[in-house]
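**Student:** Structure in structure tokens, see below.
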Amino acid sequence: MAGFQNPAFATFVAEIKDELILAQIRILRSNRGFEVRHASDQARPAEELKSIFLADIRVLCDFTDADQFRPLKSAPNLRTGWILLAPDDAALELALHHLYPNAVTDWFTVKSGTAPVTNYREFTARQSGMYRITAKLSDAQATDVIRACCDKKFCLKQRMWSVEGLAPDPAAEKSAIPCLEPCAILLEFARKGMRIEQEEKVTVALSPSDAASLKAALTLALQHPDSQIREADFNAPGNPRRLQLALEKLNSHGITLANAPEGE
Ligand code: SF4
């Protein structure tokens with residue numbers, strides 16, 4: 001008797017014609033099953049890549065090149081330089097389970113029109129304890145937090161949930177992996193975002209040119225993130241999502257990179 005086949009996974013496998021890119025991986029059909037590698041290694045000869053086995057995939061997914069733990073598997077920091085041969089559907093399913101947990105199931109629910117999307121308000125309303133304050137962010141504040149946390153620099157899932165005034169992610173911007181409700185990283189970041197809002201404010205009178213310089217500095221810092229700061233260490237002022245949040249706030253106030261016009 002044939003074994004049970006997960007209908008979500010069977011539908012996903014049927015989508016793989018010759019090859020398929022899913023977030024940061026490329027899946028290629030071959031006469032030996034499926035070849036999986038990092039999408040950016042697409043043009044590299046297989047001999048240049050390190051052959052890994054299913055037993056290795058968990059470690060591969062858990063750490064970055066800088067040996068930092070990856071709490072968010074959809075973060076665009078998957079290691080490169082490896083190749084995995086999955087001999088059959090079951091092996092590919094197991095590999096994907098580690099690379100992008102729940103991705104295929106969530107993708108299938110979206111495809112079949114049954115995706116259980118939970119928006120920010122509904123999600124935060126049911127939080128208790130230290131996370132209750134996440135419900136206190138205004139729509140505008142929550143928008144800055146969400147835009148910063150879910151930016152494609154930090155996560156490749158397509159955010160399908162939202163908050164009043166913020167559209168879901170456009171389909172083409174990230175990947176086919178849907179995000180159906182705020183994740184633990186978002187929740188923690190929203191908590192920090194609310195704590196920041198509750199701090200007594202310092203007032204600094206910035207000229208438009210100074211504000212533009214500040215924005216340029218943040219943009220530069222985001223291009224060269226400190227790899228020693230843990231992804232979810234939101235107490236670190238240099239955490240990339242903190243920098244992005246500051247940038248979103250400047251954007252919300254209409255600060256552009258252009259300097260103010262030259263005077264006489
Ligand atoms: S909530 Fe945002 S950061 Fe978290 S998985 Fe979804 S899109 Fe990614």
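**Student:** Which percent of the accessible area of segment 1-140 is formed by carbon and sulfur heavy atoms (probe 1.4 angstrom)?
**Tutor:** 54 percent
**Student:** While we're looking at this one, here's another question. Calculate the tail of P(r) for segment 1-57: the fraction of all Cα-Cα distances greater than 16 Å, expressed in %.
**Tutor:** It works out to 54 percent of all Cα pairs.
**Student:** Turning to a different aspect of this structure: Along the positive direction of the dipole of the chain (beta-carbon charges: Lys, Arg +1; Asp, Glu -1; about the Cα centre), which of Ala246, Thr124, Ser175 reaches farthest?
**Tutor:** Thr124
**Student:** By how many degrees, 0 to 90 and rounded to 10, does the Cα axis of helix 89-99 deviate from the longest principal axis of the chain?
**Tutor:** So the helix axis and the longest Cα principal axis differ by about 20 degrees.
**Student:** If you count only protein heavy atoms with a 1.4 Å probe, what accessible area per residue comes out for the chain, rounded to a whole Å²?
**Tutor:** 55 Å²
**Student:** Roughly how big is segment 145-264's charge dipole about its Cα centre, with Cβ charges of +1 (Lys, Arg) and -1 (Asp, Glu), in debye to the nearest 20?
**Tutor:** Its charge dipole is roughly 380 debye.
**Student:** Turning to a different aspect of this structure: Residue farthest toward the positive end of the dipole of the chain, with Cβ of Lys/Arg at +1 and Asp/Glu at -1: which of Gln24, Ile133, Thr256?
**Tutor:** Ile133
**Student:** Would you work out what percent of the accessible area of segment 193-253, with all protein chains in place, is carbon or sulfur (probe 1.4 Å)?
**Tutor:** 56 percent
**Student:** Pull up the DSSP beta bridges for the chain and report the antiparallel fraction as a percent, rounded to 5.
**Tutor:** 75 percent
**Student:** Mind pulling the angle between the C-alpha long axis of helix 208-223 and the longest principal axis of the chain? Nearest 10 degrees, somewhere in 0 to 90.
**Tutor:** Its long axis makes an angle of about 20 degrees.
**Student:** Next question, about the same structure. For every helix of n ≥ 4 consecutive DSSP H residues, a contribution of -39,500 (n - 2.57) applies; sum these over the chain, divide by its total residues, and give [θ] at 222 nm rounded to the nearest 500 deg cm²/dmol.
**Tutor:** -11000 deg cm²/dmol
**Student:** Measure nothing fancy, just the Cα-based angle from helix 139-149's long axis to the longest principal axis of the chain, in degrees from 0 to 90, nearest 10.
**Tutor:** Computed tilt is about 50 degrees.
The values are calculated or read from the model by the stated rules, or taken from the named source; none is laboratory data. Keep in mind it's a predicted model, so treat the numbers as computed, not measured. Glycine also receives a Cβ, built like all others from the backbone with ideal geometry; neighbour counts cover every protein chain displayed. Heavy atoms of the whole protein, side chains included, go into the accessibility calculation; ligands, DNA and RNA do not. Shrake-Rupley method; radii C 1.70, N 1.55, O 1.52, S 1.80 Å.
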